[in-house]
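Peer 1: My structure is below; once you've seen it, I'll send some questions.
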Amino acid sequence: MFFKNLESGLVWEVTDPDHVKRLKNHKNYEEVKPNEPKKSKKDKQSPEKVGE
């Protein structure tokens, strides 16, 4: 299971059942889905400035 620390924004994978139980009951953590690999996007080019 994956948990996000709401204060720091870090996401942790937790496998220990006792740790999972503790984090589910803690107000600073929420269960999240694992990140899927992001599709690469072409870099956007900034528009050219007029007069240059």
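The values are calculated or read from the model by the stated rules, or taken from the named source; none is laboratory data. Predicted model only: the values in this text are computed from it and were never measured. Note that each Cβ is placed from the backbone with ideal geometry, even for glycine, and that neighbours are counted across all protein chains shown. Surface areas here come from the heavy atoms of the whole protein model, side chains and all, with no ligands, DNA or RNA. Shrake-Rupley method; radii C 1.70, N 1.55, O 1.52, S 1.80 Å.
Peer 1: So how much slack lies between V32 and M1, counting 0.36 nm per residue of separation and subtracting their Cα-Cα distance, in nm?
Peer 2: The V32-M1 span can extend by a further 10.4 nm.
Peer 1: Heads up, I need the accessible area for E30: 1.4 angstrom probe, whole protein in place, Å², nearest 10.
Peer 2: 80
Peer 1: A further question follows. For labels at N25 and E13 in the simple 7 Å Cα→Cβ model, what's the distance in nm?
Peer 2: 2.6
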